[in-house]
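Derivation of every value follows stated rules applied to the coordinates shown; laboratory data play no part. In this text, all values refer to a predicted model and were calculated from it rather than measured experimentally. Cβ atoms come from the backbone with ideal geometry, glycine included; neighbour counts cover every protein chain shown.
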Amino acid sequence: MKKSNQTRLLLKGLKIDSRAKDYIEKRLQAVRKMLDDILRVEIEIDLDKKGKFRVEVMIKTPRKLYRAEETTESVEGSIDLVAEQLKVQIRRSKDKIVALKKRGGRSIKKKATIDEDARF
């Protein structure tokens, strides 16, 4: 299972210091651990006219695109909320896959017949 470190950080109308970049990486590291193959991570940080920070994160995997966006008073607050939204999306996706596999197994079990002459 390969992990990719292709991360793109887009800053629109602002500059952030290394402390904020480290915080963003730390918060997204937990999200990265939940996924096996990550092709690309894009982080977009924007400062709107009201002085609020809009953070949008997109994580591209071979089969799915996870995306979350949040606007708050601080970059840290926005990234916290975005990370939680992404975790929820990933958990739902994984739970759905498990449920489909179980349902498929039950379907096969129902269709399977055992010959009465079979010896076990």
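Excluding residues fewer than 8 places away in the same chain, name every one of the lysines whose C-alpha is closer than 22 Å to that of LYS21.
LYS3, LYS12, LYS33, LYS52, LYS60, LYS87
For LEU100 and ASP22 in one chain, what is 0.36 nm times their gap in residues minus the Cα-Cα distance, to one decimal in nm?
24.3 nm
Indicate, rounded to the nearest 5 percent, the antiparallel portion of the DSSP beta bridges found entirely in the range 1-92.
75 percent
Roughly what would the spin-label model give for VAL88 and SER107, points 7 Å off Cα along C-beta, in nm?
Distance between the two pseudo-spin positions: 3.0 nm.
For the range 1-101, what number results from the quotient of the Cα radius of gyration and 2.2 N^0.38 Å?
The value comes to 1.11.
Would you mind putting 78-88, 13-23, 42-52 in packing order, based on average other-beta-carbon counts within 10 Å, highest first?
Packing order, densest peptide first, comes out as 78-88, 42-52, 13-23.
Quick one: which of 98-106, 111-119 comes out on top by average Cβ neighbours within 10 Å, and what's the full order, highest first?
The peptides rank, most packed first, as 98-106, 111-119.
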